[in-house]
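Read the structure below first, then the notes.
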Amino acid sequence: MIKYIGAVVGYFLGRGFFGAVIGYFLGSAVDMFMDQGKKTGQGGSTGQRFKTVFEQATQQSVSPGDFELNLLSLASIVIKADGKVSQNELDYARQYFVRAYGKERANATFRTFNTVIKDREISATRICTYLNSRTRYEVRLQILHFLFGIAQADGQVSQPEVNVLGTIAGYFRINHQDFESIKNMFVKKADSAYKILEIDKSASNDEVKKAFRTMVKKYHPDKLMDMDEAYRAGAEEKFRNVQEAYEQIQRERGM
């Protein structure tokens, strides 16, 4: 009952549909709290019971279909970033989806994108905000790695593409060091090996070893064991990049 009262109050206070949705949602949380209290015999503090029920009411997830369409939408932003559409980049994205989801499902995702989304304005802010509360940080790192792979598919990652990818990383709340680490796996410079390990070139040998151990834990493929094959393959690629960066530093320093 309270959820319906909340919807009405929300409609007038929020001046429309959006206010009604918020009112309904909060009213539902209160209803659940009261029902939970009855079932548990009022055990535990009121604050703790309300916190538990509210967390249950606000628990969010993303369906596979929504995830795939949002991922393809982000890919389209990167593909268009430098003002031209590269066939190599399109092929890379399609092949990735086929590896991750199978040919039939990938084709269905591309058809839906081309029919419903392609000609509309695609907002990276909206997409990233939507995915932030529905995906783990490790998954968002892998999405960024995938998007860099698209940018590199035509032979190089252009500055406009780096700028767009940096913006997406910011929306994803990916910290600067993690962004630089992944970027340097694709944009090679003299100090890329150090950037991949998230350290400065002045780091001591002990600091290099410690950084390597830290990055191995961060990028270990086991962190994405619950994801599809293409994501696990991407995680393994990041893992190899970390190992190669460490081996390069070892050779340069004679460690």
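The values are calculated or read from the model by the stated rules, or taken from the named source; none is laboratory data. All values reported here derive from a predicted model rather than from experimental measurement. Because the Cβ atoms are built from the backbone with ideal geometry, glycine has one as well, and the counts that use them run over all protein chains shown. Side chains included, ligands, DNA and RNA excluded: accessible areas come from the protein's heavy atoms. Shrake-Rupley method; radii C 1.70, N 1.55, O 1.52, S 1.80 Å.
Remark: the Ile117-Lys217 segment gains 32.3 nm on full extension, using 0.36 nm per residue and subtracting the alpha carbon distance.
Convex hull volume per residue, computed on the Cα atoms of the stretch 81-129, equals 105 Å³. Once the Cβ-Cβ distance of Arg134 and Gln250 is raised to the sixth power relative to R0 = 51 Å, the FRET efficiency obtained is 0.80. Label separation (Lys189 vs Arg99): 2.7 nm, computed from points 7 Å beyond Cα along the C-beta direction.
The stretch 147-184 and the stretch 109-135 have their alpha-carbon centroids 18 Å apart. Taking the average, over residues, of other Cβ atoms within 10 Å as the packing measure, peptides 113-122, 151-160 rank 151-160, 113-122 from highest down. Computed over Cα pairs, the Kirkwood radius of the stretch 77-230 leads via Stokes-Einstein (1.567 mPa s, 4 °C) to a diffusion coefficient of 76 µm² per second. Note that the stretch 91-181 carries a Kirkwood radius of 14.4 Å, evaluated over its alpha carbons pair by pair.
In the complete set of protein chains, residue-level accessible area for Met185 is approximately 10 Å², probe 1.4 angstrom.
For the pair Gln156 and Thr125, label points projected 7 Å from Cα toward Cβ lie 3.2 nm apart.
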